[in-house]
Structures are given as structure tokens and as C-alpha cells.
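Only the coordinates and a few stated rules stand behind these numbers; no lab work does. Just so you know, these numbers come straight off a predicted model, no measurement behind them. As a convention, Cβ positions derive from the backbone with ideal geometry for all residues, glycine included, and neighbour counts pool all protein chains shown.
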Amino acid sequence: MFREMRRKNQVLSSEECIQVLNRATSGVLAVSGDDDYPYAVPLSFIYHNNKIYFHGAKTGHKLDGIMRNEKVSFCVIDQDEIVQEEYTSYFRSVIVFGKARIMEGEEKKRALEILTARYSPDIEETQRAQAVDKGLMGVCMIELDIEHMSGKEASGLVKAKNKN
């Protein structure tokens, strides 16, 4: 169902993909947009228990696309270093495919708590809990259930890794 990568020597392992998702703070979500045009939007996110969570407004292009078609993709770029003398870039990225759904109730609150803890780790937990309670009704939480994940890095990074 999902394509295999052509350049097998550049494939990241599942563990490496998860490391990328845990390091990154933003990525690009692609949904089925208006008039069959893809719609891709940059978002903050958190990876947790083989799912990705996003937050956003309760209406808009992104939500319309998810309601139209729950199948989405999400891309994270971990590294993108231009190497002029080699006429290339040393990149590392992960692409996730899965189904997105809008969360409600206690699961929505729990996902917002996890997201808040990730982005505000130095804020006291009681303050974060108050912020979650205050903002819960005005925010939409989306869960992306991962069905397939692949990662790739530049051949230059593979060579450097193999030297060590």
C-alpha cells in the first residue's frame, strides 16, 4: 500500500524516525484541500505513543480537509544543511501517513496537557493545568494515528555515520 524507498542505504530506522519526531517542534501537515488541491500547513506538534497531536482553531481549511478525507501526511525536516562544494544538501527528514481525527472530551484535554508540557516544560504544572482548563473550549485537538512512517537522510550523512 505504501511505497518503499528506492535508496535503501539512506533509509532511517524506525528508532531514528522516532528520534527525529521527538526532536522536532514543527512540521507540515498535508490534507485534501478545496477543489482537490492539496493543502499543506506548518504546525507545532508532539509525537506520543505512535501518534502525533496538533492543536489549532476550531474552524478552517485544515479541519475542512480532515473532515473531507481523514487520510493525511505529515513531514518533518530534521536537518537541511547546504554543502556548496558538493552541490547538495545534507538533509534528514521523516514522512508520516495516517488518519486524522478531531478529539473531544477527556482525551482532548489529555492531549492538550501533553502538548503544553512539551512546549512549556519550565512552567509549573499547576499553571499549565490552569492554562489548559482556560483554553480547552476554544481549541481543537487533532490526533494523527500513524499507519506508515519513513525517514531518509542524505548520502553524505550516511557516509559520515558509517565512518564512526
For the range 83-143 and the range 38-79, distance of Cα centres in Å:
10 Å
Candidates per trypsin sites (Lys or Arg not before Pro) in the range 1-41, loop by DSSP, up to 15 other Cβ within 10 Å
ARG3, ARG6, ARG7
Among 120-133, 58-71, 139-152, how do they line up from the highest to the lowest mean number of other beta-carbon atoms within 10 Å?
139-152, 58-71, 120-133
Within the chain, pairs of Lys residues whose Cα atoms are less than 16 angstrom apart, provided they are eight or more positions apart or on distinct chains, add up to 16
Cα Rg, Dmax, the chain, angstrom units
17.6, 54
Counting only C-alpha contacts under 8 Å and six or more residues apart, can you give the relative contact order of the range 1-158 as a whole percent?
30 percent
Between Rg and the Kirkwood Rh of the range 2-42, both from Cα atoms, what is the Rg to Rh ratio?
1.10
Within a Cβ distance under 13 Å of THR126, other residues only, what is the Lys/Arg minus Asp/Glu net charge?
-2
